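Colleague: Submitted below is the structure of interest, expressed as structure tokens.
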Amino acid sequence: MSQLGQFGLTLAFVATIYSIGASLVGIRLKNDRLIASGRNAGIGAFAAFTVAFATLFYLFFVSDFSVSYVVSTSNRALPFFYKIAAIWGGQEGSLLLWGWILGLYATLVIVQNRNRHTAMMPYVIAVLMGGFLFFTSMSLFVVNPFTEMVTPGPDGNLMAFTAADGRGLNPLLQYFLNVIHPPMLYLGMVGFAVPFAFAMGAMMSRQLGDTWIRTTRRWTMVAWLFLGTGIMLGGMWAYVELGWGGYWAWDPVENASLMPWLLGTAFLHSVMIQEKKGMMKVWNMVLVIMAYTAALFGTFLTRSGIVNSVHAFAQSDIGGYFLAFIIVAAGGAFYLLFDRMSYLKSENQLESYASRESGFMFNNLLFVAACFAVFFGTMLPVFSEWIKGVKMTVNSAWFNPVMIPIGLFLLLVTGVGPLLAWRRSSLGSLKRAFTVPALVGLVVGATLFASGIRHPYALTAFTLAVFVSASIFQEFFKGAVARRSSTGENLAQAVVNLTLRNTRRYGGYMVHFGMVLLFVGFSGQAFNVETSEHMDLGDTVDVRQYTLRLDDIRGERTPNYTGSQAVMSLFENDVLVARMYPERRFYPASEQSTSEVSYRSNLKEDFYVNFAGTVERADGQGLLAVVQIFLNPLVMWVWIGGIIVALGTMVALLPNKKTGPSRNRKSEDAGAAHGDNRNDENALQEDTEVHA
Amino acid sequence: MPRKQLKFVIGPVIVVLVLVWIATSALNSTLAYFQTVSELYAMETAGELEGKRLRVMGEVVPGTIVRTDEAVKFTIVDLETHQTMDIEYIGNDPVPDTLRDYSEAVVDGAYAGNGVFTGTTLQAKCASKYERELEAGVITQATELNPEGF
């Protein structure tokens, strides 16, 4: 069967080369048939690659241990569900997944635009397929997932052999979210290839109007949605599976996924200025190039082992190839940008600090600064070794004090920016927009201070969170009241219709609100309590209002692992509220142990228990359980915030509802515009009306 | 650049300067030297260890891990120079599951002299069973893809 996969990859490789060649030659010769054949070859390459990808699924499902990669990440006793996670549990499979997703995106772009943007599309396809060629080549020549097992035969020559069983999937990866976490992350990372390809296509074809921006806006949102979801799932995985009580540790692998997300967020904002004001054209190109580069760089970082990470899962010598590809992609892109600079003149200038434009400017500055800080902290060991010959490192003790102020400043801008008018806001409009949210924020902040919350960052975060939330609700409320008076709908209907008529704007507000909740959740960390105890049966531990008692330790045996489970009772104010079952497991196939944490979660806090192992008693008479207890306030709000961000993004992706029975052009609908064909005039009108 | 636009440069520049200041001052109080066992000994000889935060890395020597109620002790070795260092881990967090014979340990803490390093945080990474077998030659991966096949 592995030959089928090999065949698929080979075919994809050939078709990809043809597709690139036909597209580029076709556009030069203005030969439509050649261009069309390049398109079809692109789709064909994806189909062939899909055959290879499906073959890998099959090899895992039937546990074909004649294939080296299957042996390395799977075993017979592995539950069927985790065999899916095992497919991308190692280097070879991850890269195959990367490539497949890129092919999928390329195909969707080709089909979506088959009759559009004819001057630009052949270049777009060539760029997308160029990336696809890189990944196909990697899978075919460097980290081939279909490589067969061999062993020296009696005559000394290597001969094929089939292993009796596989070495198993790293038990840390045996978690249900891990089946979808890598695909989500890759859908996000790879998604930035599409805006990149359109940006390159626009520059190559010198079609630098708004077309590429409008075409790629949605694609960027899709990529951003997947990447954000992937990052959240990664956080959940770390929280539940790694047992250290947190969801984010500024580990290089985590940072690798955050960097493209930060740049993508910056782009999604600054693209609005280009659409409405024709400003920041060069800057947007830079952001698109950097976002794609960061996605590639993130993959490089995770896979090359260049920086030391506790959970760098699979490493090999693919780093050099990646670095070369990154240099070619970014170098080519920046050269092109430099060459086409004269087409990207700004049509407007900043007029006031109290303007939407300046809000976006600070937004971009902070996101890019955040990305740079993450990059700097992550790469410091590498750079310091180059420059000073010594490896120097930083950990969360550096990241937190640097990233928290940036985050809080961003939170402030989240509240202020959307309330500012384009060009400049008058003093009157500032008063109208800010009075209520600022007052509400300050009152709540003062109340929290009076109630004893003194942690400066947490207090600032909560105050800002209330301010931003109030400003968002005020926006919905004002819009809905205006709509109600013109349509006679009730307030709830008005909110829904308002949102559906301008999905980008109100979906955006939802995303902002989700972010606010995320920050509330992050701030909970200021009040974390952590303790580690050695417990005998019957012992109790008190943490704040909770008491935890160790009742029993019992054994467990499954084909996949053996475990010992602690049975514990949790009392809150002396009332039994939960039984908890933290567990230690040993996986014979991979010879690794893991902890399965147990936690009780509510909106206020998480009580989180990790059975971390055993130690011998001081008198040598038996063992004591090492129990780690974390009391983590407000963690639930991180997950809720993440879900709202995702929902808001989906709303923003919906097309605007255009007609309605009681449509009134003079009402807020005139402003709830149809983003795609608005001009500057009615864009400005929207804001003056909303603030009127 | 027109004069009018100059004022829009000042704001961002101030923001950037503040951030750089925050980042560098945080750096001074958190930067750690990440070293192999031999590099740490070399620094000791040169008298450069004074007041530095340290992070040392090495492979756990099999059979050296001893757990007591107060501390976990083990020895790490620099695979290139075969110099060893004893680690006494006294951190609050339990020892990670991945700390075992042959795993790669990364310890933050202070060097007390006489080849003993007192660790307050401990990370460990172990190669998968598959990787270890591959390295030891128990299993072999085909370097050439089915010569008779495609």
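Every number in this text was worked out from the coordinates using simple rules, so none of it is lab data. The structure displayed is predicted, hence computed values, not measured ones. Note that each Cβ is placed from the backbone with ideal geometry, even for glycine, and that neighbours are counted across all protein chains shown.
Colleague: Count the net charge of all other residues whose Cβ sits under 10 Å from the Cβ of residue A:495, scoring Lys and Arg as +1 and Asp and Glu as -1. Present the calculation step by step, with values, prior to reporting the outcome.
Modeller: Numbers: positive: A:483, A:484; negative: A:489.
Once all neighbours under 10 Å are counted, the net charge is +1.
Colleague: With viscosity set to 0.692 mPa s at 37 °C, what whole-number translational diffusion coefficient in µm²/s follows for chain A from Stokes-Einstein and a Kirkwood radius over Cα pairs?
Modeller: Details: Rh = 27.7 Å.
D, rounded to a whole number, is 118 µm²/s.
Colleague: Given q = 0.14, 0.18, 0.26 Å⁻¹, what are the Debye log10 I(q)/I(0) values for segment A:1-72, with equal point scatterers placed on the Cα positions and solvent ignored?
Modeller: Debye output, listed in q order: -0.51, -0.67, -0.99.
Colleague: Along Cα→Cβ, 7 Å out, is where each label goes; now give me the distance between the ones at residue B:118 and residue A:496 in nm to one decimal.
Modeller: It works out to 6.6 nm between the two label points.
Colleague: Compute the Cα gyration tensor for segment B:70-128, then decide on rounded, prolate or oblate, letting a ≥ b ≥ c be the square roots of its eigenvalues: rounded whenever a/c is under 1.5, prolate when a/b is larger than b/c in the other cases, and oblate in all that remain.
Modeller: oblate
Colleague: So, one more: As a test of the formula, what do you get for the protein assembly as shown when each DSSP H run with n ≥ 4 contributes -39,500 (n - 2.57) and the sum is divided by the residue count, at 222 nm and rounded to the nearest 500 deg cm²/dmol? If you can, show how the numbers build up before the last one.
Modeller: Numbers: 23 runs with 454 residues, N = 842.
Computed mean residue ellipticity for the protein assembly as shown: -18500 deg cm²/dmol.
Colleague: So if R0 is 30 Å, what FRET efficiency would residue A:328 and residue A:119 give, r being the distance between their Cβ atoms, rounded to the nearest 0.05? Please report the intermediate quantities before stating the final value.
Modeller: Values: r = 24 Å, r/R0 = 0.81.
Efficiency, from the Cβ-Cβ distance: 0.80.
Colleague: For the pair residue A:1 and residue A:160, what calculated FRET efficiency results from E = 1/(1 + (r/R0)^6), where r is the Cβ-Cβ distance and R0 = 22 Å, to the nearest 0.05?
Modeller: Numbers: r = 13 Å, r/R0 = 0.60.
My answer for the efficiency is 0.95.
Colleague: Additional query: What Kirkwood hydrodynamic radius do you get for segment A:54-190 when you take the inverse of the mean 1/r over all pairs of distinct Cα atoms, in Å? Kindly include the intermediate steps, with their values, before the conclusion.
Modeller: On the way: mean 1/r = 0.0602 Å⁻¹.
Averaging 1/r across every pair of different Cα atoms and inverting gives 16.6 Å.
Colleague: Measure up A:478/A:658; A:604/B:73; A:276/B:7; A:478/B:7 against 28 Å on the Cα-Cα distance and list the ones that go over. If you can, show how the numbers build up before the last one.
Modeller: Working: A:478/A:658 21 Å; A:604/B:73 39 Å; A:276/B:7 23 Å; A:478/B:7 34 Å.
The pairs that break the limit, which is 28 Å between Cα atoms, are A:604/B:73; A:478/B:7.
Colleague: With N denoting the number of residues in segment B:1-100, provide Rg(C-alpha) divided by 2.2 N^0.38 Å, to two decimal places. Before the final figure, lay out each step's value.
Modeller: Numbers: Rg = 22.3 Å, N = 100, 2.2 N^0.38 = 12.7 Å.
Computed over Cα atoms of segment B:1-100, the ratio equals 1.76.
Colleague: State log₁₀ I(q)/I(0) for segment A:56-98 at q = 0.18, 0.21, 0.24 Å⁻¹ as given by the Debye formula over alpha-carbon point scatterers of equal weight, solvent excluded.
Modeller: For segment A:56-98 at q = 0.18, 0.21, 0.24 Å⁻¹, log10 I(q)/I(0) is -0.40, -0.55, -0.72.
Colleague: Using unit Cβ charges (K, R positive; D, E negative) and no other charged atoms, how large, in debye to the nearest 20, is the dipole of segment A:318-448 about its Cα centre? Before the final figure, lay out the partial values.
Modeller: Values: 9 positive and 5 negative charges, 57 e Å.
That gives segment A:318-448 a dipole magnitude of about 280 debye.
Colleague: Could I ask something else about it? Based solely on C-alpha atoms, express the radius of gyration and the Dmax of segment B:1-49 in angstrom.
Modeller: For segment B:1-49, the Cα-based Rg and Dmax read 20.4, 59 Å.
Colleague: Taking the radius of gyration and the Kirkwood hydrodynamic radius from Cα positions alone, what is the Rg/Rh ratio for segment A:104-169, to two decimal places?
Modeller: Values: Rg = 20.7 Å, Rh = 15.7 Å.
That ratio equals 1.32.
Colleague: Using the eigenvalues of the Cα gyration tensor, what equivalent ellipsoid semi-axes result for segment A:195-237 when each is taken as the square root of five times the eigenvalue, whole Å, largest first? Let's see the in-between values first.
Modeller: Numbers: eigenvalues 180, 17, 4 Å².
After diagonalising the Cα gyration tensor, the semi-axes are 30, 9, 4 Å.
Colleague: Same structure, new question: Quick one: which residues, 5+ away or cross-chain, put their amide H under 5 Å from the amide H of residue A:614? H built at 1.01 Å from N.
Modeller: Sorted by chain and number, the residues that satisfy this are A:626.
Colleague: While we're here: Let me know the volume per residue of the alpha-carbon convex hull for segment A:262-373, in Å³.
Modeller: Details: hull volume 11.4 nm³, N = 112.
Cα-based convex hull of segment A:262-373, divided per residue, equals 102 Å³.
Colleague: Restricting to Cα pairs below 8 Å that are 6+ residues apart, what does the relative contact order work out to for chain A? Please round to a whole percent.
Modeller: 10 percent
Colleague: Taking the dipole about the Cα centre of segment A:46-160, with the C-beta of Lys and Arg at +1 and of Asp and Glu at -1, give me whichever of A:73, A:104, A:91 is farthest to the positive side.
Modeller: Going by the charge dipole, the pick is A:104.
Colleague: Further question: Relative contact order for segment A:144-267: what percent, with Cα pairs under 8 Å and sequence separation of 6 or more?
Modeller: Details: 106 pairs, mean separation 31.3, N = 124.
Rounded, it is 25 percent for segment A:144-267.
Colleague: Which helices count as membrane-span-like in chain A under these terms: full DSSP H, at least 27 Å along the axis by C-alpha, Kyte-Doolittle mean of 1.6 or more? Walk me through the numbers on the way to the answer.
Modeller: On the way: long enough: A:2-29 (40 Å, 1.20); A:32-61 (44 Å, 1.11); A:91-112 (32 Å, 1.17); A:211-237 (39 Å, 0.47); A:252-277 (38 Å, 0.25); A:281-304 (34 Å, 1.08); A:319-339 (29 Å, 1.68); A:356-388 (43 Å, 0.96); A:396-416 (30 Å, 1.72); A:427-450 (32 Å, 1.47); A:456-487 (46 Å, 0.66); A:503-523 (29 Å, 0.69); A:635-653 (28 Å, 2.19).
Both cut-offs are met by A:319-339, A:396-416, A:635-653.
Colleague: Apply the a/c threshold of 1.5 to the C-alpha gyration tensor of segment A:460-535 and tell me whether it is rounded, prolate or oblate.
Modeller: On the way: a/c = 3.73, a/b = 3.21, b/c = 1.16.
Here segment A:460-535 falls in the prolate category.
Colleague: If you bin the C-alpha pair distances of segment A:207-314 every 10 Å from 0, what whole percents do you get?
Modeller: Result, from short to long distances: 14, 39, 27, 15, 5, 0 percent.
Colleague: Given the options A:529, A:61, A:439, identify the residue whose Cα lies farthest towards the positive end of the charge dipole of the protein assembly as shown (+1 on Cβ of Lys, Arg; -1 on Cβ of Asp, Glu).
Modeller: A:439
Colleague: What is the fewest-to-most order of A:231, B:76 by other Cβ atoms lying within 10 Å of their Cβ? Intermediate results must be reported in sequence, preceding the final value.
Modeller: Values: A:231 21, B:76 25.
Ordered from fewest to most neighbouring Cβ atoms within 10 Å, A:231, B:76 come out as A:231, B:76.
Colleague: Another question, then. For segment A:552-652, rounded, prolate or oblate, judged on the Cα gyration tensor with a ≥ b ≥ c (square roots of eigenvalues), a/c < 1.5 rounded, else prolate if a/b > b/c? Before the final figure, lay out the partial values.
Modeller: Details: a/c = 2.87, a/b = 1.60, b/c = 1.80.
Oblate.
Colleague: Follow-up. If R0 is 41 Å, what FRET efficiency do you get for residue A:485 and residue A:347 from their C-beta distance, rounded to 0.05? Before the final figure, lay out the partial values.
Modeller: Numbers: r = 36 Å, r/R0 = 0.89.
That pair, residue A:485 with residue A:347, gives E of 0.65.
Colleague: With the calculation restricted to Cα positions, what are the radius of gyration and Dmax of segment A:20-119 in angstrom?
Modeller: My reading of the Cα-based Rg and Dmax gives 18.1, 58 Å.
Colleague: A further question on this structure: Quick one: if you stick a label point 7 Å off each Cα along the C-beta vector at residue B:86 and residue B:25, how many nm between them?
Modeller: 4.2 nm
Colleague: For segment A:413-508, which trypsin sites (Lys or Arg not before Pro) are in a loop by DSSP, counting at most 10 other Cβ atoms within 10 Å? Display every interim value, and only then the final one.
Modeller: Values: sites: A:423, A:424, A:431, A:432, A:454, A:478, A:483, A:484, A:501, A:504, A:505; in loops: A:423, A:424, A:454.
Passing sites in segment A:413-508 are A:454.
Colleague: So how many Å³ per residue does the convex hull of the Cα atoms of segment A:84-137 work out to? Mind dumping the intermediate values first?
Modeller: On the way: hull volume 3.2 nm³, N = 54.
Considering the Cα atoms of segment A:84-137, their hull volume per residue is 59 Å³.
Colleague: What do the square roots of 5 times the Cα gyration tensor eigenvalues come to for segment A:571-629, in whole Å, largest first, as semi-axes of the equivalent ellipsoid? Mind dumping the intermediate values first?
Modeller: Numbers: eigenvalues 135, 68, 13 Å².
Those come to 26, 18, 8 Å.
Colleague: Here is a follow-up. Where does segment A:325-435 land on Rg/Rh, using Cα atoms and the Kirkwood Rh? All intermediate terms of the calculation are to be shown ahead of the outcome.
Modeller: On the way: Rg = 19.6 Å, Rh = 17.5 Å.
That ratio equals 1.12.
Colleague: Further question: Roughly speaking, what is the stretch gain from residue A:390 to residue A:58, that is 0.36 nm per residue apart minus the C-alpha to C-alpha distance, in nm to one decimal?
Modeller: Numbers: separation 332, 0.36 × 332 = 119.52 nm, distance 4.73 nm.
So the extension gain works out to 114.8 nm.
Colleague: Would you mind listing how long segment A:484-598 runs along its three principal axes, going by Cα atoms, in whole Å with the largest first?
Modeller: Computed over segment A:484-598, the largest-to-smallest principal extents equal 70, 41, 25 Å.
Colleague: Once you list every other residue whose beta carbon is under 11 Å from the beta carbon of residue A:40, what net charge do they have if Lys and Arg are +1 and Asp and Glu are -1? Kindly include the intermediate steps, with their values, before the conclusion.
Modeller: Values: positive: A:33, A:39, A:114; negative: none.
It works out to a net charge of +3.
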